[in-house]
Amino acid sequence: MDMDSFELGDLANPRCYTEPLDIGGCDPVLLRAQLRMMLLIRRAEEKIGDMLAAQKIPTPCHLGIGQEAIAVGVSEYLRPTDRVFGAHRSHAHFLALGGEVTALMAEILGRDAGCSRGMGGSMHLWGGSVGFFGSVPIVAGTVPLAVGAALAAKKDGESAVAVVYFGDGAAEEGSIHESLNLAAVWKLPVLFVCENNLFSSHMHISLRQPSNRVARYAEAHRIQAATVDGNDLVVVSRTSDDMVAAMRDGGGPRFLEVVTYRWRGHVGHREDNDVGVNRSTDLALWKRRDPIRRLVDALTVAGEWDNHAFHAMDEAVKTEVEEAWQQAETAPYPPASALLDRVYAKRH
Amino acid sequence: MQSGIDMARVNYGSAIREAFVYLLDRYPKVFVIGQGLWAKWYVGNSMTDLDKFYGTERIMDSPVSELACTGAAVGASLCGYRPIVVHPRMDFMLYAMDAIVNQAAKWSHMVGGQAHPAVTIRGIINRGGEQGAQHSQALHAWFAHVPGLRVVMPATPRDARDLLISSVLCDDPVLYLDDRWLYELEEDLPPVVECPLEQEGSRVVSRGDDVTLVGAGYSAWLCREAAAALQQRSISAEVIDLRVLNPLDVSTVIQSVEKTGRLCVVDGSWSSCGLAGEVIARVSETLSPRKLLGAPVRITLPDAPAPTSGFLEKLYYPTLDTIMETVARLVIREGVHAKAVD
């Protein structure tokens, strides 16, 4: 293998970046709020995983446990007037913007109270009031849509930005390259967030691309890019803050590659063996690079925190998730008329 | 011509341009995106100098990226804009299938009717002249197959103008498919009256008793010409222009066939799983066989890609003569004066 295969270097090495985060200069109140959001996402997805295992959820769910710092960090400096798009693994993207846990759970259960009124399930989430414009499971499907949302923002002239999350696999789609080119040539305020978790379904990036660093595509399209540790909330927050601020000032598109690892399989609740990938050694190491644990450790070292406070927060979050699930489970299904009434804006 | 109404004689291509002017003048959220929009020859006379009048920010000539441009238009439509994407040949539009079929068509349904992509995708059917297999296709049936899309095919200058306006003002994704073979067709046009696309559908464009001829776009024009010529052979053909292919409403066709007992559908695309077959199927599902004086027929392309050779091209496309011969056989075989039983 040539050197390019290892272009990410230590960022892709789970033995590195395991120490407590450097939280120097951060607001502890904000950090605790971000920690709570990461915990909420983690516990909500663990609950979904448990319910998948218990066969209470028929719809396919792609869990992003282990990747929570990315959505929380990126969302911190976004406004409800911004336009965020997701993909198949987007529970975190929806929740981090302030989407309701109950609405997510109800959606996954196909209920009318769901964020997509029970028509989308886990893979098609919508949250207009919090700026979540939609997620879909066609790989790279929303990337050109986000470019268009950025075009609309530019036409509006009100400094809103568009954000689109996608994975390293999506970078293999032609759609991405057309979109990067359009965004660059028209200087559109769109933040491309590539969650590089080194896997597309069961395929490691080394089997799919000649380099494991996806940001090289952005550079080829003359888009300013950064590649950072996606399990470091502070770094993700700061980098996306800088990028979004530059975009609001008319600086054109930005590309943020965040290196991370998903703890579960591509789809469903199991860790990996369901798709025939044995990555247990790596997974055990990556779990030590846990974005939540590293923030908790940093807060503890800084004297902002102790185990007792953490457990109190965790218990409150678990209760919130449990209540949301129970509420969702008893919510009604969409009416039969929804099958035809929601196809067009007005029924013909 | 009615007195008191300003009529202006325009051709089909100019009528399309009039719709653009109407929309761009009145609706600031309308913009146009596609390849060749600043060139003089990509789209005939249908968009001449629009970039000069409305500026290059509203008339956006684009990189060679059908998918990203169509997807971007879908995205902008979710933010309150009413973009029109122009594909100067629909063959190239196939690169944009994901944005059209997976995204735009399903968006409203997937998100529970809480957001609607109000995007118009103009695909031009541009064939003949030895352009060959990849510069000739009429793929309207593909899009008519997909719930969530609306598909319109104007056959007259008036529809070319008015259906484009209706398409852009509609909150759903619309495929507006115009045909370069119709660009020189002229008509006197009254002033624009906006009409919701949901209320538009198939229309009887000439009355007759012996046979029902059905088509859309250029095929509807062929049907009208055929009906006029058939009159001289004492065959009275009723012509129905489908106009809107999705959602498809064939109630006018059913009523007509109930009267004539004979059905001939013309479609400038392939037969298998196509528009003509769909129309015949719906009529057959609804009407009692006793109402029919003969088996319904369809006139379509042969099951082959478009040839380049001009000699083969003449054999490939349905012509006025093909229609007249087919209809004459249908009517004469079954007896021109026979009428359907009750």
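Where a number appears in this text, it was derived from the coordinates with a stated rule and is not lab data. Note that this is a predicted model, so its numbers are computed, not measured. Every residue, glycine as well, gets a Cβ built from its backbone with ideal geometry; the counts of neighbours run over all protein chains shown.
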_Peptide B:168-175 - average C-beta neighbours from other chains (10 Å radius)_ = 2
*If you find the alpha carbon centre of segment A:198-235 and of segment A:57-110, how far apart are they in angstrom?*
21
*Each residue of segment B:97-108 in turn: what ³J(HN,Hα) in whole Hz from Karplus with 6.51, -1.76, 1.60 and θ = phi - 60°, glycine and Pro shown as x?*
4, 4, 4, 7, 8, 7, 8, 4, 4, 9, 4, 4
*May I ask you to list the residues of segment B:72-103 whose amide nitrogen lies under 12 Å from a point 7 Å from Cα along the Cα→beta-carbon direction of A:LYS187?*
none
*When the Cα centres of segment B:69-131 and segment B:168-199 are compared, how far apart do they sit, in Å?*
17
*Rounding to the nearest 20 debye, state how big the charge dipole of chain A is about its Cα centre with +1 on each Lys and Arg Cβ and -1 on each Asp and Glu Cβ.*
860
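Where does the protein assembly as shown land at 222 nm, in deg cm²/dmol rounded to the nearest 500, when only DSSP H runs of n ≥ 4 count, each adding -39500 (n - 2.57), divided by all residues? Mind dumping the intermediate values first?
Details: 23 runs with 255 residues, N = 690.
Helices in the protein assembly as shown give a 222 nm mean residue ellipticity of -11000 deg cm²/dmol.
So how strong a dipole does the protein assembly as shown carry about its Cα centre when Lys and Arg Cβ are +1 and Asp and Glu Cβ are -1, to the nearest 20 debye?
Values: 66 positive and 85 negative charges, 231 e Å.
Once rounded to the nearest 20, the dipole reads 1120 debye.
Just for segment B:10-198, what percent of DSSP beta bridges are antiparallel, to the closest 5? Numbers along the way, then the final one.
Values: 2 of 23 bridges.
Of all bridge pairs located within segment B:10-198, approximately 10 percent are antiparallel.
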*Taking only the alpha-carbon positions of segment B:189-342 and ignoring solvent, what does the Debye formula give for the base-10 log of I(q)/I(0) at q = 0.18 Å⁻¹?*
-1.06
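Computed over the Cα atoms of segment A:173-257, what is the convex hull's projected area averaged over all directions, in nm²? Display every interim value, and only then the final one.
Numbers: hull surface 22.4 nm².
The Cα convex hull of segment A:173-257, projected and averaged over all directions, gives 5.6 nm².
Could I get the Rg over Rh figure for chain B? Both from C-alpha atoms, Rh via Kirkwood, rounded to two places. Don't jump to the answer; show the numbers that get you there.
Values: Rg = 20.2 Å, Rh = 20.6 Å.
Here the Rg-to-Rh quotient is 0.98.
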*For segment A:313-330, Karplus couplings with θ = phi - 60° (6.51, -1.76, 1.60), whole Hz, Gly/Pro x*: 5, 4, 4, 4, 5, 4, 4, 4, 5, 4, 5, 4, 4, 5, 4, 5, 5, 9
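Could you tell me what percent of the DSSP beta bridges with both partners in the protein assembly as shown are antiparallel, to the nearest 5? Kindly include the intermediate steps, with their values, before the conclusion.
Details: 12 of 69 bridges.
Restricted to the protein assembly as shown, the bridges split so that about 15 percent are antiparallel.
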*asked:* Over the Cα atoms of chain A, what radius of gyration and what Dmax do you get, in Å?
replied: 19.5, 63
*asked:* Would any residue of segment B:56-77 have its amide N under 14 Å from a label point 7 Å out along Cα→Cβ of B:TRP38? List them or say none.
replied: B:56-64
*With +1 on each Lys and Arg Cβ and -1 on each Asp and Glu Cβ, and nothing else charged, work out how big the dipole of chain B is about its Cα centre, in Debye to the nearest 20.*
320
*asked:* Using only Cα atoms and rounding to the nearest 10 degrees, what angle (0 to 90) does helix B:275-286 make with the longest principal axis of chain B?
replied: 60
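For chain A, what is the percent of antiparallel DSSP beta bridges, rounded to the nearest 5? Walk me through the intermediate numbers first.
On the way: 3 of 27 bridges.
Here the share of antiparallel DSSP bridges comes out near 10 percent.
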*Taking amide H positions as placed 1.01 Å from N in the peptide plane, with prolines and chain starts having none, which residues 5 or more places from B:ILE240, or on another chain, fall under 5 Å of its amide H?*
B:VAL205, B:LEU213, B:VAL214, B:GLY215
*asked:* Give me, ordered by chain and number, the residues 5 or more places off B:VAL85 or on other chains with an amide H under 5 Å from its own placed amide H.
replied: B:ILE33, B:THR120, B:ILE121, B:ARG122
*Net charge over other residues, Cβ less than 13 angstrom from the Cβ of B:VAL43 (K, R count +1; D, E count -1)*: 0
*May I ask for the percentage of alpha-carbon pairs in the protein assembly as shown that lie more than 48 Å from each other?*
26
*asked:* Above 27 Å lies some portion of the pair distances; for segment B:10-198, what is it as a whole percent of all C-alpha pairs?
replied: 20
